[in-house]
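Take a look at the structure set out below.
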Amino acid sequence: MDLQISGRNAVILGGTRGIGRAIAEGLAREGVNVAVCARNADQVADTVAHLQGLGVRATGAAVDIVDGAALKAWIKAAGEELGGVHMLVSNAGALAQGGDPASWEQNFRLDVLGMVNAFDAAKPFLKAAAEATGDASFVIISSISAAETDSASSYGPIKAALIHFAKGLARQYAAVHIRTNVVSPGTVYFEGGVWNRIETDMPEMFKGAMARNPMGRMATPDDIAHAAVFLSSPLSSFTSGVNLVVDGALTRRVNF
């Protein structure tokens with residue numbers, strides 16, 4: 001299937017590992033030029049080199065996403081370097097699980113304010129892209145934890161805030177054809193990721209989590225990336241404000 005995105009440009013927050021890197025690779029394989037940021041400069045350099053090897057223009061920088069001014073400056077520079085931004089993906093997350101004030105602040109500053117600042121910086125580029133092509137997109141990675149809970153934690157409510165804000169953006173910018181959608185993954189396994197560490201350090205907890213997956217496995221980053229890439233494409237041009245749950249039927253709730 002031709003997603004009609006070859007030659008377009010994308011900016012991805014948290015684009016060097018796991019889901020973020022899979023999204024960057026998925027877009028690049030469709031011919032999209034990609035800019036990625038993360039905190040680790042070596043991982044950024046490795047990702048950029050890999051993406052360039054796929055035959056697209058790629059750039060990146062080590063950016064602390066909680067530094068709003070630095071993030072905005074990088075997105076502006078990346079947009080100018082690529083010659084525009086058609087797609088923005090907010091994937092970075094703090095992953096703080098506690099219910100203490102420090103955990104709330106950590107999740108809020110990275111997940112929520114990072115998303116808000118990224119959209120604010122990319123908005124002029126997205127508006128220009130939508131005017132030129134009829135479609136621009138913002139995809140936010142949330143979590144099924146937004147609607148599933150076992151105890152009081154800051155993680156789930158913060159992820160729920162992303163979904164609520166996304167719907168507001170979708171409504172607000174529908175007339176100018178900037179779409180905003182959310183992908184909410186279930187458990188995602190990759191080397192060096194959270195569930196890989198749990199498998200090593202807390203094997204019984206890992207076995208329990210695996211047993212709750214009806215498909216008998218956890219998601220791969222590509223499983224999530226495929227959904228994000230599709231929602232980023234103009235083949236989804238009438239899809240906006242959606243929270244797409246990609247969890248292998250892990251959750252029991254009905255999504256009306």
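Considering the range 1-23, the residues that are over 22 Å from Ala130 (Cβ atoms) and among the hydrophobic types (A, V, I, L, M, F, W, C) include one that is modelled with the lowest pLDDT, namely Met1. Counted as qualifying within the range 1-119 are the helices (runs of 4 or more DSSP H) with 3 or more residues that are out of contact with any Lys or Arg (no Cβ under 9 Å at 6 or more places or on another chain) and either under 30 Å from Ser145 (Cα atoms) or touching a residue at least 40 places away in the same chain (Cβ under 8 Å) (or both), namely 18-29, 68-82, 101-107.
Against the numbered list (1) more than 15 Å from the chain's Cα centre (by Cα); (2) closer than 19 Å to Ile141 by Cβ, Ala249 comes up short only at (2). Scanning the range 83-106 for residues that are out of contact with any helix residue (DSSP H, G or I) (no Cβ under 9 Å at 6 or more places or on another chain) and not small (Gly, Ala, Ser) returns Asp100, Pro101, Glu105, Gln106. Among the residues that make up the range 53-69, is at least one of them buried (at least 19 other Cβ atoms within 10 Å of the Cβ) and farther than 27 Å from Val112 by Cβ? Scanning the range 53-69 turns up at least one residue that is buried (at least 19 other Cβ atoms within 10 Å of the Cβ) and farther than 27 Å from Val112 by Cβ.
The residue of the range 171-192 that is surrounded by the most Cβ atoms within 10 Å (Cβ to Cβ), among those that are more than 16 Å from the chain's Cα centre (by Cα) and under 19 Å from Gly241 (Cβ atoms), is Ile178. Evaluate the following for Pro214: is it within 30 Å of Val116 (Cβ to Cβ), out of contact with any helix residue (DSSP H, G or I) (no Cβ under 7 Å at 6 or more places or on another chain), modelled with pLDDT of 95 or more and surrounded by fewer than 19 Cβ atoms within 10 Å (Cβ to Cβ)? No.
May I ask you to list the residues in the range 193-224 that are among the hydroxyl-bearing types (Ser, Thr, Tyr) and more than 15 Å from Asp247 (Cβ to Cβ)? Once the filter is applied, which keeps residues that are among the hydroxyl-bearing types (Ser, Thr, Tyr) and more than 15 Å from Asp247 (Cβ to Cβ), the range 193-224 yields only Thr200.
Has the range 212-220 got at least one residue that is closer than 23 Å to Ala28 by Cβ and assigned to a loop (DSSP other than H, G, I, E, B)? The answer is yes, given that some residue of the range 212-220 is closer than 23 Å to Ala28 by Cβ and assigned to a loop (DSSP other than H, G, I, E, B).
The values are calculated or read from the model by the stated rules, or taken from the named source; none is laboratory data. Note that the structure is predicted; figures quoted are calculated from it, not measured. When we count neighbours, we look across all protein chains shown, and the Cβ atoms used for this are built from the backbone with ideal geometry, even at glycine.
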